[in-house]
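Chemist: First the structure, which I've put down as structure tokens, then a few questions once you've had a look.
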Amino acid sequence: MLSSRFVFRPAAVVLLVTVLLACCCSVQVVLAQAPAATPVASPAASPSPSASVSSTRPSSSAAAAAPSTSAAPVSTALPACGSSPGAIFITNPVSSTYAAVGSSINVTWTYSSLTLPQYPAKGLVVYYQRSDTAITEAGWQVAVANIPPQSKTVAWTIPSLQDGKYEVHVVADGVDPIARPASSVATCVPDGMPGPESSQQFVIQNAAPLVVYPDTLGPNSNAPSNLYLGSGAVLAAAGFAALAFV
């Protein structure tokens, strides 16, 4: 009974094959227009701090000539006049600090346990100098002056500088071997007085300009793909409907 009712229709078979081929083409077009996965660039490795160039400032030890690259404070005290000199320890900036020209960073410090509470008595000065070239006594420039003696932090707005590695230098009550001012040249640190300190190397950079790229993918950028996919579905439905009525 079933075989007598079924009639082979070559036209319907041709129509069905045509519909299936159209669907396959639609899927291929959709896949071809799918946006390629954007490769994720691996983060650039942070530049490792290079060893500090030897300073011409007098130093009591070899460790004072090249600041440590660790995050710990670095001490570069003068020779002691007595048996218990104090010291300054700069806690910021450190080797991982990156600052932009025109921005403000906090220079922070603390004192050793041998520093007497009455010091500094007059005030502090923060200097800066580029340190990935040779450090010179004349190269230190004033960053912030007239800092109250009770302060342990000060904001420094970075002036127009070249990209490079820099250090800051904190001096209390003018006790410093680099003769600033020239009338207060210090050759040793008195007992209880905090000696000068230079920071670790840190990076100062000019801010890179923002690059604007045109938006080539609008909110309906996947509309052609959806159109092809919808057309394939319509053709498939039309093919099955034609078979049903044959």
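None of the figures in this text is laboratory data; all of them are computed from the coordinates on show. Nothing here was measured: the structure is a model prediction, and the numbers come from that model. Cβ sites come from the backbone with ideal geometry, for glycine too, and all protein chains shown count toward neighbours.
Chemist: Give me the compactness ratio for the range 113-160, meaning the Cα radius of gyration over 2.2 N^0.38 Å.
Modeler: Dividing the Cα Rg of the range 113-160 by 2.2 N^0.38 Å gives 1.40.
Chemist: What does the extension gain come out to for residue 187 and residue 216, with contour length at 0.36 nm per residue minus their alpha carbon separation?
Modeler: 3.7 nm
Chemist: Here's something else I'd like to know. Among 140-151, 118-129, how do they line up by average Cβ neighbours within 10 Å per residue, starting with the highest?
Modeler: 118-129, 140-151
Chemist: Out of all DSSP beta bridges with both ends in the range 90-191, state the antiparallel percent to the nearest 5.
Modeler: Beta bridges within the range 90-191, antiparallel portion: roughly 95 percent.
Chemist: Non-local amide H neighbours of residue 123 (under 5 Å, H modeled in plane, Pro and chain starts lacking H): which ones?
Modeler: Counting only residues 5 or more places away or on other chains, the set is 173.
Chemist: With a Förster radius of 25 Å, plug the Cβ-Cβ distance of residue 153 and residue 114 into 1/(1 + (r/R0)^6) and report the FRET value to the nearest 0.05.
Modeler: In this case the efficiency is close to 0.75.
Chemist: What translational diffusion coefficient, in µm²/s and rounded to a whole number, does the Stokes-Einstein relation yield for the range 89-141 at 37 °C and a viscosity of 0.692 mPa s, taking the hydrodynamic radius as the Kirkwood radius over Cα pairs?
Modeler: Result for D is 238 µm²/s.
Chemist: Tell me which residues come under 5 Å, amide H to amide H, from residue 206 once H is placed; ignore anything under 5 positions away on its chain.
Modeler: 101, 163
Chemist: Amide H neighbours of residue 168 under 5 Å, counting only residues 5+ apart in sequence or on other chains, H built in-plane at 1.01 Å?
Modeler: Placed amide hydrogens put 199 under 5 Å from residue 168.
Chemist: Go ahead and run the numbers for FRET between residue 83 and residue 207, Cβ-Cβ distance against an R0 of 41 Å, rounding to 0.05.
Modeler: With a Förster radius of 41 Å, E is 0.25.
Chemist: Going highest first, how would you order 160-170, 98-108 by mean Cβ packing within 10 Å?
Modeler: 160-170, 98-108
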